[in-house]
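**Q** Sharing a structure below in structure tokens format, with a few things to ask.
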Amino acid sequence: MANTFTRTLAALTGLLMFAAIYMTFVFVPTEAEQGIVQRIFYFHVPCAWVAFAAFGIVAISGIFYLWLGGQIWDDLGYTCAEIGMVFCTLVLVTGSIWARPIWGVWWTWDSRLTTTLILWLLYGGYLMLRAMAGDSPQVARFAAVIGIVAAADVPVIVVSVRLWRTIHPAVLITKQGQHGLTDPRMVATLLVALAAFTALFALLLLIRFASLRTRSRLAALERELNLIDAAAGDL
Amino acid sequence: MMDAPAIEARGLFKSFGAAPVLRGIDLAIAPGRALMIIGRNGAGKSTLLRLLAGLGAPNDGEVRLFGTPSRKLEAADRRRLGMLTHQSFLYPNLTARENLEFYCALYRVADSAAAIGRWLERVGLARFAAERVRAFSRGMEQRLALARALIHRPDALLMDEPFAALDPDGAELAATLIREALARGCAVALTAHRAFDLDAGRCTARELVRGRLLDAPANAASAERAEYPPAHPGVGAR
Amino acid sequence: MAGFVAVLRKDLTLELRGGESTLALVALSILILIVMVFALNPAGGAADAPIAAGALWVAMIFAGMAGAARTVLAERDNGCLRALYLSPLDRGAIFLAKLAAASIFMVVAEAAVVLMLVLFFNLDFDLRLVRMLPALALGLIGFAALATLLAAISGRVHAGDLLMPLLAVPMYVPALIAGVKASAAALGGAQWSAMGQWLRIMIAFDVLFVAAGFILFEHLLGED
């Protein structure tokens, strides 16, 4: 598993992550209005990016699984659903930590937070299906369908939630404009953080995917071994 | 030269979890021929038929019906397939006639009213045509299921223990119906616990043992009184 | 088309003949409505419009979850779902027939629920109720499509009855938001124009899930 590529990627991820942490805590200037807590932004946004990317891959691999078959697509979809779920959770947690000092509440039905929560519930359902229904090609097809439908549903969710909030403005004004990155160092920090989290995503994907592939191959080997056993019994 | 097989399987492997059920099944059934698959409980007979129908996917190997992979059968070819399983595919809250009407509509049977009357007569249920299937005995349900599986005159017929739950008359009726189907060129795969003389000229019996299809006595008639003891004790549960 | 009609006719026959879907839907919807009345304690008057709309939609999705899926679940008896899969009927047509049957059952149930809503919340039978109908109809079709799609899953996996709400509710969020908003606006006396954007969302949702069910149902019906 730990081949050269994985090791290189791990080293790269570590490097980028250190850079991102350094830039977030030391290099980047403190945002004028929100103060020190705004720095969580440099983790919050990359997490959201990774979650969205992962859920996107779930849908794409679902399409490929239904179209071409092949355990590999199912393994990829499962991997990405798990990783997406982790980062989606991080988005909610960092969002909550950020909201408390700025808006004075842990949770507000801000449109982005709400959308993230719905996504979290959606893919939680997906993972529940996989956990409860077990491993079989049939469950893999079910999961593929759910993955596709969920992703197709996301734009509708985004639009509806946004309209819902515009019509009924929150008590706490959520000026997304405050993210305005006034300083070029802020942009640089965000970019490095995005790169770091993308690399982390790739690394986690690689490791977890490899382990699922191994599990699938193991199951196939076990099947074959049983076949050989049975063939020996014929003699 | 034989006709191109209507039902064909090559190198069929199927495991549930890691447990092998079918281990390299090859079979080919030409139109007008029958293959009788003999096996004990749990030998994998039903699994094999399900795979042949395209209801399940094999781990390895291929099933073809009328030359097409059975999982990718077009509607026109699905119309030519008839299946009888241990589930009757009948709606308990519909009457016998309504059940047949429904399947006639699905399979677009021409002149369905006449066909339904004929078939109800044939399977001895004409008196019960207006009764709901839920009130039927298991044997009556099996008779109706026979009519249900045959009413669209399929060209390939998969029958999982067609004689189960039938009285001697019913079993004779089922055998007659199968012979008629064979005579008009239908390919038949059926399963049974023991071989018997169905149609010596057209029927081949093979035994499913431990997931493999063995050549049973070539002359099925001679196997009529054979007891089929377990060839390998203790593997029936596989 | 003939197959679609056959399946739908068969489902309606079965339902008239002591199928419990519609009755259960009505009973459950009314119970949920009563629970909502107790929980929210409406004061009476115009301020209740959003509460009434909310109660109506909660009743619809939770009763629908139990009822709309039944058209698919009923096919499991005696392996009839397999029979449909093996038949020449297009698998998309199976979905549409099941969706149509579920929609019809839900329409009947919702008619009863709206009646109860008028009684419980002291509404008037006037244009405001009529303005609510498009949202209700769209929401109902969307939910029937979603429930039919998911029933093919929930009916055939371990603990599927638990999975149904876990998957259905988050997916239904857009239609739920739009439906509640449009209904509240209608009951509050708003004009058609105020509902346009919500109805558009519901149409998008319906198109998405009917199309998804039509295309993907085949993959859900297959077995191992």
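**Q** Please compute the Cα-Cα pair-distance distribution of the stretch A:28-79 with 5 Å bins starting at 0, giving whole percents from short to long.
**A** Taking all Cα pairs of the stretch A:28-79, the binned fractions are 5, 19, 17, 12, 10, 9, 8, 8, 7, 5, 2 percent.
**Q** Could you state the angle between the C-alpha long axis of helix C:196-221 and the longest principal axis of the C-alpha atoms of chain C, as a value from 0 to 90 degrees rounded to the nearest 10?
**A** 20
**Q** Just subtract the alpha-carbon distance of C:Ala111 and C:Ala43 from 0.36 nm times their residue separation and send over the number in nm, one decimal.
**A** 22.1 nm
**Q** A follow-up question, please. As an exercise, use a Förster radius of 41 Å and the Cβ-Cβ distance of A:Arg100 and C:Ala27 to find the FRET efficiency, rounded to the nearest 0.05.
**A** 0.35
**Q** Oh, and also: For A:Phe209, tell me the accessible area in Å² from a 1.4 Å probe, rounded to the nearest 10.
**A** 50
**Q** List the lysines whose alpha-carbon lies under 21 Å from that of C:Lys181, not counting same-chain residues fewer than 8 positions away?
**A** none
**Q** Can you tally the net charge around A:Ala81? Count Lys and Arg as +1, Asp and Glu as -1, for every other residue whose Cβ sits under 12 Å from the Cβ of A:Ala81.
**A** Its environment carries a net charge of -1.
**Q** In terms of Cα to Cα distance under 17 Å, which lysines are near enough to C:Lys10, apart from those fewer than 8 places away along the same chain?
**A** C:Lys98
**Q** To continue, here is another question. Name the residues of the stretch A:201-227, by number, that are at least 40 Å² less accessible with every protein chain in place than in the isolated chain; the surface is that of heavy atoms, probe 1.4 Å, without ligands or nucleic acids.
**A** Listed in order, they are A:Arg223, A:Asn226, A:Leu227.
**Q** Could you order A:Met85, B:Met159 so the one with the most accessible surface comes first? Probe is 1.4 Å.
**A** These residues rank, largest area first, as A:Met85, B:Met159.
**Q** While we're here: Nearest 500 deg cm²/dmol is fine: what mean residue ellipticity at 222 nm does chain A get from its DSSP H runs of n ≥ 4 alone, each adding -39,500 (n - 2.57), divided by its residue count?
**A** Calculated mean residue ellipticity at 222 nm is -28500 deg cm²/dmol.
**Q** In square nanometres and to one decimal, what's the mean projected area of the convex hull around the Cα atoms of the stretch C:2-221?
**A** 12.0
**Q** Provide, as a two-decimal number, the C-alpha radius of gyration of chain A over 2.2 N^0.38 Å, N being how many residues it has.
**A** Normalised Rg, Cα atoms only: 1.22.
**Q** State, in square angstrom and to the nearest 100, the accessible area buried between chains A and B, both chains counted, probe radius 1.4 Å.
**A** When A and B are taken together, about 800 Å² of accessible area is lost.
**Q** Could you sort C:95-102, B:18-25 so that the peptide with the highest average Cβ count within 10 Å comes first and the rest follow in order?
**A** Peptide ranking by packing, descending: C:95-102, B:18-25.
**Q** Continuing with this model, one more query. Give the angle, between 0 and 90 degrees and rounded to the nearest 10, that separates the Cα long axis of helix A:111-133 from the longest principal axis of the Cα atoms of chain A.
**A** That works out to roughly 20 degrees.
**Q** Output the 0 to 90 degree angle, nearest 10, between the alpha-carbon long axis of helix A:41-68 and the longest principal axis computed from the alpha carbons of chain A.
**A** The angle comes out at about 30 degrees.
**Q** A follow-up question, please. Rolling a 1.4 angstrom probe over the protein heavy atoms, how many square angstrom per residue are accessible across chain C?
**A** 37
**Q** Using only the heavy atoms of the protein chains and a 1.4 Å probe, how would B:Leu73, C:Leu115 rank by accessible area, largest first?
**A** Result, largest first: C:Leu115, B:Leu73.
**Q** Residue farthest toward the positive end of the dipole of chain B, with Cβ of Lys/Arg at +1 and Asp/Glu at -1: which of B:Ile38, B:Met140, B:Asn99?
**A** Looking along the dipole axis, the top candidate is B:Asn99.
**Q** Continuing with this model, one more query. Skipping prolines and chain starts, which residues have an amide H placed within reach, meaning under 5 Å, of the one on B:Met159, given they are 5 or more residues away or on another chain?
**A** Distant-sequence amide H within range of B:Met159: B:Leu84, B:Ala189, B:Leu190, B:Thr191.
**Q** Kindly provide the helix-only [θ] at 222 nm of chain C, computed as the sum of -39,500 (n - 2.57) over DSSP H runs of four or more divided by all residues, to the nearest 500 deg cm²/dmol?
**A** Computed ellipticity for chain C at 222 nm equals -27000 deg cm²/dmol.
**Q** With a 1.4 Å probe, how much accessible area is buried between chains C and A, both sides summed, in Å² to the nearest hundred?
**A** 2700
**Q** Can you list the residues in the stretch A:94-126 whose accessible area drops by at least 20 Å² when all protein chains are present, compared with the chain alone? Use a 1.4 Å probe, heavy atoms only.
**A** A:Ile118, A:Leu121, A:Leu122, A:Gly125
**Q** Additional query: May I ask for the accessible area buried between chains B and C, both sides summed, probe 1.4 Å, to the nearest 100 Å²?
**A** The contact between C and B buries close to 2500 Å².
**Q** Which whole number gives the average, over all residues in B:25-38, of C-beta atoms from other chains lying within 10 Å of the residue C-beta?
**A** Taking the mean over all residues of the peptide, I get 0.
**Q** Quick one: with all protein chains in place, what share of the accessible area of chain A is carbon or sulfur, to the nearest percent (1.4 Å probe)?
**A** 72
**Q** For the stretch C:2-221, with all protein chains present and a 1.4 Å probe, just round the carbon and sulfur fraction of the accessible area to a whole percent.
**A** 71
**Q** Counting only Cα atoms, I'd like the Rg/Rh figure for the stretch B:86-153, Kirkwood definition for Rh.
**A** 0.91
**Q** Using only atoms on other chains, find how many Cβ atoms lie within 10 Å of each Cβ of peptide B:7-17 and report the average.
**A** For this peptide, the per-residue mean of nearby foreign Cβ atoms is 2.
**Q** Determine the shape class of the protein assembly as shown: with a ≥ b ≥ c the square roots of the Cα gyration tensor eigenvalues, call it rounded for a/c under 1.5, and otherwise prolate if a/b is greater than b/c, oblate otherwise.
**A** oblate
**Q** If you split all Cα-Cα distances of chain B into 5 Å bins from zero, what percentages do you get per bin, shortest first?
**A** Calculated P(r), rounded to whole percents: 1, 7, 14, 18, 19, 17, 13, 8, 3, 1, 0.
**Q** To continue, here is another question. Taking only protein heavy atoms and a 1.4 Å probe, what accessible area per residue, in Å², does chain B have with all protein chains in place?
**A** 42
**Q** With a cut-off of 8 Å between alpha carbons and a minimum separation of six or more residues, what is the relative contact order of chain A in percent?
**A** Computed over chain A, the figure is 33 percent.
**Q** By per-residue mean of other Cβ atoms within 10 Å, what is the highest-first order of C:147-155, B:189-197?
**A** Result, highest mean Cβ count within 10 Å first: C:147-155, B:189-197.
**Q** Averaged across the residues of B:89-102, what count of C-beta atoms belonging to other chains lies within 10 Å of each residue's C-beta?
**A** Counting other chains' Cβ atoms within 10 Å and averaging over B:89-102 gives 5.
**Q** Just to check, using Stokes-Einstein with a Kirkwood Rh over alpha carbon pairs, what's the diffusion coefficient of the stretch B:65-125 at 20 °C and 1.002 mPa s in µm²/s?
**A** 162
The values are calculated or read from the model by the stated rules, or taken from the named source; none is laboratory data. Note that this is a predicted model, so its numbers are computed, not measured. Cβ sites come from the backbone with ideal geometry, for glycine too, and all protein chains shown count toward neighbours. Side chains included, ligands, DNA and RNA excluded: accessible areas come from the protein's heavy atoms. Shrake-Rupley method; radii C 1.70, N 1.55, O 1.52, S 1.80 Å.
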